[in-house]
1. Exactly one condition in (1) out of contact with any helix residue (DSSP H, G or I) (no Cβ under 9 Å at 6 or more places or on another chain); (2) crowded, with 21+ Cβ neighbours inside 10 Å; (3) charged (D, E, K, R) is not met by Asp392; state its number.
2. Identify, by number, the condition in (1) over 25 Å from the mean Cα position of the chain (by Cα); (2) within 16 Å of ligand 2 (Cβ to nearest atom) that Phe291 doesn't meet.
3. Out of all the residues in the stretch 246-272, which are under 17 Å from Thr309 (Cα atoms) and within 16 Å of ligand 3 (Cβ to nearest atom)?
4. Considering only residues that are within 16 Å of ligand 1 (Cβ to nearest atom) and either on the phi > 0 side of the Ramachandran plot or free of Cβ contacts under 8 Å to residues at least 40 places away in the same chain (or both), which ones fall in the stretch 342-364?
5. Out of the residues in the stretch 1-39 meeting the condition of being of a type in the set (A, V, I, L, M, F, W, C) and modelled with pLDDT under 95, tell me which one is surrounded by the fewest Cβ atoms within 10 Å (Cβ to Cβ).
6. Would you point out the residue of the stretch 250-272, among those that are crowded, with 24+ Cβ neighbours inside 10 Å and more than 10 Å from ligand 1 (Cβ to nearest atom), that is modelled with the highest pLDDT?
7. Give the residues of the stretch 157-171 that are in contact with a helix residue (DSSP H, G or I) (Cβ under 9 Å, 6 or more places away or on another chain) and either in a loop (DSSP other than H, G, I, E, B) or over 12 Å from Leu44 (Cα atoms) (or both), sorted by residue number.
8. Taking the criterion of being more than 16 Å from ligand 3 (Cβ to nearest atom), more than 23 Å from Gly254 (Cβ to Cβ) and hydrophobic (A, V, I, L, M, F, W, C), would at least one residue in the stretch 277-295 satisfy it?
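The values are calculated or read from the model by the stated rules, or taken from the named source; none is laboratory data. Worth saying up front: this structure is predicted, and the values here are computed from it rather than measured. In this analysis, Cβ positions are derived from the backbone assuming ideal geometry, glycine residues included, and neighbour counts consider all displayed protein chains.
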Amino acid sequence: MSCCDKPGLMPVEAALARLLAQAEASAIVECERVKLSDAAGRVLAEPLLAELDLPPWDNSAMDGYALRLVDWNGEPLVVSQRIQAGSAPQPLQPGTCARIFTGAPLPAGADTVEMQENAVLGEDGRVAFSEPLKRGQNVRARGQETRVGDSVLPAGTRLGPIELGLAASLGCAELNVRRRPRVAVLSTGDELVEPGQPLGAGQIYNSNRRVLIAWLQRLGCEVVDGGILLDDLEQTRAALGALSDVDLILSTGGVSVGEADFLGMALREEGELALWKLAIKPGKPLTCGQFRGVPVIGLPGNPASTLVTFGLLARPYLLRRLGVQRVEPLGFPMPAGFTWSKPGNRREYLRARLENGRVVPYPNQSSGVLRSAAWAEGFAEVLEGTTLAEGDSLRFIPLSEILG
Ligand SMILES: Nc1nc2c(c(=O)[nH]1)N[C@H]1C(S)=C(S)[C@@H](COP(=O)(O)OP(=O)(O)OC[C@H]3O[C@@H](n4cnc5c(N)ncnc54)[C@H](O)[C@@H]3O)O[C@H]1N2
Ligand code: MOO
Ligand SMILES: [Mg+2]
């Protein structure tokens, strides 16, 4: 990353564009073959090519009767065989029909299926059809979904439940995926204590570490837990220097202008500071750069700032390093259920909910309040320099778009 320590605040888009460019320049290209059962959350290293047609043979979409339409002259047909899903039918005897069930292969010669609701089985074993029949009805043709050789998922696809199901439907037992990014999580702050320990004077429990570790695991990262770092330049340098074998150092706290904010200082002195001070609220002092060649993203320590900057900047960065193309949440426009009278110079991400079709922000938007995000269903984006009246449209980004 090159230094851009200019005065003024950097717009969110510009910061994201730089981060994504940096991510592309340091893409994680190594891959590994994993079992389908271990592939959730991973990213495909190559397109998934179909090795069979789907469906593999013509089959019935209904429980009913299969026939060759030209054999039907309006008269009842003899039932010559019974075909369940999972069985191998005999060719259809001319002039007859076959009892058939949903998902069962059509017998050779059959081209039409009638559902049993429109059929009457007589005591003589013949079936009468009450409705007009159309050739091909209720038949799921071989290859109608996928043909051998089709690319069904591009490289760079994140494997969620649907993609895993698609791979399973094609019989893939293993997939080639990008290796997991190794991400070191550091929490900085003399005041931090882990849950389970007693709180001393002036201390608080470390919540950011839990948020980030759980989130990174969901993202398919290998987490190196760097624990808590005291606010000390030497210790900060030593801790960063010891993490030479990770793909990213992700820290919280110590990035603002306070005398105990050593992360940025360490990068300035011995690494490179590429981004600092964004036009985003919360999250202004987000700090990015590298330390002895290892990329570093220093998230601001306030819990809501950590959350917003990880979700909107660090998460896209990590996904892009894996080759994922669409990394930004889309969100959708919604009417404001509140007013905004003071235009700001930072883009605000309010922790908000949807109530009666309107965006309602949590009453306490302090960046120290993690509870706001637990209450919220998403972020309401208030652009720089804008005012809002009730009913004005703004972008709502559901948390579900960024938490995975
Ligand atoms: N004079 C100024 N002061 C501050 C500015 C500024 O522009 N001028 N910016 C403010 C903004 S905005 C933010 S955001 C914070 C960022 O601070 P740091 O990233 O340096 O973080 P710390 O100072 O270390 O901590 C801030 C806050 O968060 C709490 N914290 C830190 N880590 C954790 C954790 N792991 N779990 C829970 N809570 C954590 C910490 O106790 C502080 O309360 O700076 C403002 N100051
Ligand atoms: O940017 Mo800070 O995150 O507003 O509190
Ligand atoms: Mg600070």
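1. Asp392 satisfies every listed condition except (2).
2. (2)
3. Here is the first cut: in the stretch 246-272, the residues under 17 Å from Thr309 (Cα atoms) are 248-256, 263-264.
Answer for the stretch 246-272, where residues must be under 17 Å from Thr309 (Cα atoms) and within 16 Å of ligand 3 (Cβ to nearest atom): Ser251, Thr252, Gly253, Gly254, Val255, Ser256, Leu263, Gly264.
4. Restricting attention to the stretch 342-364, the residues satisfying the condition of being within 16 Å of ligand 1 (Cβ to nearest atom) are 344-351, 364.
Within the stretch 342-364, Leu350, Asn364 meet the criteria.
5. Cys3
6. Per the criteria, the residue is Leu250.
7. Taking the stretch 157-171 as the starting set, the residues that turn out to be in contact with a helix residue (DSSP H, G or I) (Cβ under 9 Å, 6 or more places away or on another chain) are 157-159, 164, 167-168.
Thr157, Leu159, Ala168 - these are the residues of the stretch 157-171 that are in contact with a helix residue (DSSP H, G or I) (Cβ under 9 Å, 6 or more places away or on another chain) and either in a loop (DSSP other than H, G, I, E, B) or over 12 Å from Leu44 (Cα atoms) (or both).
8. no
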